[in-house]
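Visitor: This is the structure I have questions about; it appears just below.
The values are calculated or read from the model by the stated rules, or taken from the named source; none is laboratory data. Computed from a prediction, not measured in an experiment: that's the story for all the values here. Using ideal geometry, Cβ is built from the backbone for each residue, glycine included, and neighbour counts are taken over all protein chains shown.
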Amino acid sequence: MLAALAGCAAGPDYRRPDVETPSAWRIEASDAYWHAAAPTHAPLALDWWRGFGDAQLDSLEAAALADNQTLRAASAHYDAARASLAEVASARSPQLGLQADVAREKISGERPRINYAVPTFSTVQNDVVLRASVGYELDLFGRIRREVEAANASTEAAADDLANARLVITADVAATYVALRIVDAQSDVLAQIIALQQQSLDYVRTRHDLGAVSGLDVLQQQTQLDATRTQAQLLFATRAQYEHALAALVGLPASSFSIAQRVVPLIDTPPPAVSLALPSELLERRPDIASAERAMAAANARIGVARAAYFPSLVLNPGIGWEATRFASMLSAPALLWSVGASAESVLFDGGKRRARVDFAQAGYAEAQARYRQTVLDAMQQVQDGVTGLSVLDVAARQAHAAVDDARRLVDMAHERYTGGMTAFIDVISAQQQLQTSREQEVAIHGRQLATLVFLAKALGGGWQAQASTHGAPALASATPATSTPSPSATPR
């Protein structure tokens with residue numbers, strides 16, 4: 001009977017709920033930006049950011065992985081979860097104890113008598129006790145097994161949380177660095193516009209000194225130049241904020257961290273090509289999804305722990321030892337003492353306390369299940385947003401480049417017409433403004449492309465495919481789980 005009971009466990013066995021996933025991502029058939037991921041289960045490259053081909057970014061990512069405090073906190077949380085699992089799992093083993101007492105005591109001669117026919121005397125004697133005991137709880141109804149199951153799932157969730165923290169930190173570093181380099185690109189654009197406007201101002205002043213134009217043309221160009229210089233100056237504050245954010249991510253004080261402005265900004269780097277696997281494979285890749293699934297498994301096991309409280313607990317507690325008044329006779333047969341026994345305990349009435357704990361555990365499972373489903377839905381949304389965004393931005397980038405070419409021709413034409421006296425100088429200023437707007441838009445679109453790539457890498461669980469893509473750059477793939485400690489249950493099963 002005990003063997004049969006030992007094979008039982010209170011509470012439901014865990015089964016991961018089914019989640020509806022689309023068969024493919026929604027991509028325009030005419031869009032050639034994407035290509036299929038191959039192989040679909042390639043080993044995960046944790047240094048996915050190397051696809052951008054930027055040595056400065058590689059250095060920042062390495063510093064963040066070494067010194068980021070949020071990542072260290074996640075690592076400590078994982079270590080604590082492993083220690084907690086070891087503590088809970090120890091309940092499956094017997095507890096051995098050893099007790100030793102040495103005392104010299106006086107017994108009262110006036111103590112209460114058990115037999116009035118026998119007189120009592122006051123005596124002084126030694127009492128030496130050496131006792132070994134064993135305590136072992138028979139897990140007849142699976143309470144300990146469910147506790148170990150819950151602790152193990154929580155440990156695996158902590159491992160996935162650590163992997164997710166690593167992914168989030170590296171994505172934040174990449175996104176912040178891209179934003180900083182885009183500010184550099186904007187500064188470069190404004191510097192070129194300022195140089196162009198300064199040339200125009202010098203030209204207009206020369207004509208004004210010759211009496212060919214009025215002071216109005218000079219003042220108009222000076223006003224435009226001053227406004228552009230003000231705009232360029234404000235970028236310094238924006239760039240400093242990104243520098244400070246990077247300092248915090250790599251674990252350094254903001255006052256002691258700086259990144260030199262790049263002469264050739266990131267806009268000259270073509271965005272890496274992207275490859276996609278099936279949406280269902282996202283469930284095996286995203287560490288936050290894996291963590292949510294493990295949290296659901298832990299919550300399910302806690303239902304069994306709560307239900308096991310309805311059944312009695314049985315503890316075996318045998319013991320053996322020796323007691324004597326002299327050390328010389330400690331190990332003699334008359335000094336031997338032993339006990340064999342068990343204790344059983346069960347609560348008959350608790351005012352609904354156990355029922356409330358079961359309800360609490362079931363509600364916790366329902367909450368964990370809803371969070372898991374929502375995490376999957378959020379992941380699908382994020383990837384689809386990235387897919388759609390990159391497709392739209394790819395077309396917009398080509399259009400923006402064409403707009404810059406048109407704006408340059410417009411500036412040249414406006415200067416020629418103004419020099420020939422065929423138009424007012426306000427047309428030159430308008431053309432310059434159009435060129436500035438077009439170039440700023442081109443930089444902004446390129447920045448959004450790079451930021452969306454980082455966002456998509458994060459949404460896919462990270463990882464750049466090792467093989468070369470059709471675009472001549474590393475391809476972004478979604479294939480294997482990004483957990484830091486691979487185990488059979490570290491990802492959804």
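Visitor: Just one of the numbered conditions (1) surrounded by fewer than 22 Cβ atoms within 10 Å (Cβ to Cβ); (2) under 30 Å from ASP47 (Cα atoms); (3) of a type outside the set (D, E, K, R) is not true of TYR177; which one?
Guide: Just one mismatch for TYR177, condition (1).
Visitor: Tell me which residues, restricted to region 373-384, are free of Cβ contacts under 8 Å to residues at least 60 places away in the same chain and either touching a strand residue (DSSP E or B) at 6+ places or on another chain (Cβ under 9 Å) or surrounded by 12 or more Cβ atoms within 10 Å (Cβ to Cβ) (or both).
Guide: Taking region 373-384 first, the residues free of Cβ contacts under 8 Å to residues at least 60 places away in the same chain are 374, 377-378, 381.
Correct list: LEU377, ASP378.
Visitor: Might you check whether a residue that is of a type in the set (A, V, I, L, M, F, W, C) and not in a helix (DSSP H, G or I) occurs anywhere in region 78-99? Steps first, answer last, please.
Guide: Step one: filter region 78-99 for residues of a type in the set (A, V, I, L, M, F, W, C), giving 80-81, 83, 85-86, 88-89, 91, 96, 98.
With the extra rule that they be not in a helix (DSSP H, G or I), the set shrinks to 96, 98.
Yes: one or more hits.
Visitor: Hey, another quick one. Going by the conditions given, is LEU337 outside any helix (DSSP H, G or I) and either exposed (fewer than 12 other Cβ atoms within 10 Å of the Cβ) or at pLDDT 85 or above (or both)?
Guide: Values: outside any helix (DSSP H, G or I): yes; either exposed (fewer than 12 other Cβ atoms within 10 Å of the Cβ) or at pLDDT 85 or above (or both): yes.
For LEU337, the condition - outside any helix (DSSP H, G or I) and either exposed (fewer than 12 other Cβ atoms within 10 Å of the Cβ) or at pLDDT 85 or above (or both) - is met.
Visitor: Within region 249-285, how many residues turn out to be touching a helix residue (DSSP H, G or I) at 6+ places or on another chain (Cβ under 7 Å), hydrophobic (A, V, I, L, M, F, W, C) and at pLDDT 85 or above?
Guide: Final tally of qualifying residues: 5.
Visitor: Further question on the same structure: Residues of region 202-213 being loosely packed, with under 12 Cβ neighbours inside 10 Å and touching a helix residue (DSSP H, G or I) at 6+ places or on another chain (Cβ under 9 Å), which ones?
Guide: Within region 202-213, ALA212 is the sole residue that qualifies.
Yes/no per residue for (1) at pLDDT below 90; (2) closer than 30 Å to ARG285 by Cα; (3) in contact with a Ser or Thr (Cβ under 7 Å, 6 or more places away or on another chain):
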residue: PRO119; (1), (2), (3): yes, no, no
residue: VAL124; (1), (2), (3): yes, no, no
residue: ARG146; (1), (2), (3): no, yes, no
residue: ALA151; (1), (2), (3): no, yes, yes
residue: ALA159; (1), (2), (3): no, yes, yes
residue: LEU167; (1), (2), (3): no, yes, no
residue: ASP188; (1), (2), (3): yes, no, no
residue: THR206; (1), (2), (3): yes, no, no
residue: VAL213; (1), (2), (3): yes, no, no
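Visitor: Continuing with this model, one more query. Give me the pairs, please: first residue somewhere in region 446-468 and within 18 Å of ASP184 (Cα to Cα), second residue anywhere and at pLDDT below 85 and outside any helix (DSSP H, G or I), beta-carbon distance under 7 Å, and either six or more positions apart or on two chains.
Guide: Note: pairs meeting the criteria are GLN449/PRO271; LEU450/PRO271.
Visitor: Sticking with this structure for a sec: Among (1) surrounded by fewer than 23 Cβ atoms within 10 Å (Cβ to Cβ); (2) in a helix (DSSP H, G or I); (3) not basic (Lys, Arg), there is one condition GLU137 misses while meeting the rest; what is its number?
Guide: Condition (2) is where GLU137 drops out.
Visitor: Further question: Would you say TRP34 is surrounded by 15 or more Cβ atoms within 10 Å (Cβ to Cβ) and at pLDDT below 85? So that I can check it myself, show each step before the final result.
Guide: Details: surrounded by 15 or more Cβ atoms within 10 Å (Cβ to Cβ): yes; at pLDDT below 85: yes.
Answer is yes for this residue.
Visitor: Tell me which of these ARG72 doesn't satisfy, since it passes every other one: (1) at negative phi; (2) at pLDDT below 90.
Guide: Of everything listed in (1) at negative phi; (2) at pLDDT below 90, ARG72 misses just condition (2).
Visitor: Checking the structure you have, find out if any residue of region 155-176 is hydroxyl-bearing (Ser, Thr, Tyr), assigned to a helix (DSSP H, G or I) and farther than 20 Å from LEU60 by Cβ. First the steps, then the outcome.
Guide: Our first condition is that a residue be hydroxyl-bearing (Ser, Thr, Tyr); within region 155-176, this holds for 155, 170, 176.
So of that shortlist, the ones also assigned to a helix (DSSP H, G or I) come out as 155, 170, 176.
With the extra rule that they be farther than 20 Å from LEU60 by Cβ, the set shrinks to 155.
For region 155-176, residues hydroxyl-bearing (Ser, Thr, Tyr), assigned to a helix (DSSP H, G or I) and farther than 20 Å from LEU60 by Cβ: present.
Visitor: Another question about this same structure. Here is a list: VAL204, VAL148, VAL218, VAL183. Which entry is among the aliphatic types (A, V, I, L, M), closer than 28 Å to GLY53 by Cα and in a helix (DSSP H, G or I)? Talk me through it step by step, then tell me what you get.
Guide: On the way: VAL204 fails: closer than 28 Å to GLY53 by Cα; VAL148 fails: closer than 28 Å to GLY53 by Cα; VAL218 fails: closer than 28 Å to GLY53 by Cα.
VAL183 is the lone residue from the list that is among the aliphatic types (A, V, I, L, M), closer than 28 Å to GLY53 by Cα and in a helix (DSSP H, G or I).
Visitor: If only one of LEU234, LEU225 is part of a helix (DSSP H, G or I), surrounded by fewer than 16 Cβ atoms within 10 Å (Cβ to Cβ) and either at pLDDT 90 or above or on the phi < 0 side of the Ramachandran plot (or both), which one is it? If you could, list the steps in order and put the result at the bottom.
Guide: Values: LEU225 fails: surrounded by fewer than 16 Cβ atoms within 10 Å (Cβ to Cβ).
Matching residue, one of LEU234, LEU225: LEU234.
Visitor: Still on this structure: Condition first: in contact (Cβ under 8 Å) with a residue 60 or more places away in the chain and closer than 18 Å to ALA424 by Cα. Now tell me which residues in region 217-249 satisfy that.
Guide: So the first thing to find is which residues in region 217-249 are in contact (Cβ under 8 Å) with a residue 60 or more places away in the chain, and the list is 217, 220-221, 224, 228, 242-243, 245-246, 249.
Across region 217-249, the qualifying residues are ASP217, GLN220, GLN221, GLN224.
Visitor: Would you confirm whether any residue within region 401-409 is surrounded by 15 or more Cβ atoms within 10 Å (Cβ to Cβ) and either in contact (Cβ under 8 Å) with a residue 60 or more places away in the chain or not in a helix (DSSP H, G or I) (or both)?
Guide: no
Visitor: Looking at (1) among the β-branched types (Val, Ile, Thr); (2) closer than 28 Å to LEU96 by Cα; (3) part of a helix (DSSP H, G or I), which is the one condition that is false for ILE289?
Guide: Every listed condition holds for ILE289 apart from (2).
Visitor: Continuing with the same structure: Test VAL392 against the criterion of being crowded, with 17+ Cβ neighbours inside 10 Å and in a helix (DSSP H, G or I), and give yes or no. Please lay out each step first, then the result.
Guide: Numbers: crowded, with 17+ Cβ neighbours inside 10 Å: no; in a helix (DSSP H, G or I): yes.
Taking the combined requirement at face value, the residue does not satisfy it.
Visitor: If you take the residues of region 319-372 that are of a type in the set (Ser, Thr, Tyr) and touching a residue at least 12 places away in the same chain (Cβ under 8 Å), which of them is farthest from PHE141 (Cα to Cα)?
Guide: Of the residues in region 319-372, the ones of a type in the set (Ser, Thr, Tyr) are 325, 329, 332, 339, 343, 346, 365, 372.
Still in the list and also touching a residue at least 12 places away in the same chain (Cβ under 8 Å): 325, 339, 343, 346, 365, 372.
Details: THR325: 45, SER339: 26, SER343: 16, SER346: 13, TYR365: 20, TYR372: 29 Å.
Filtering first and then ranking leaves THR325.
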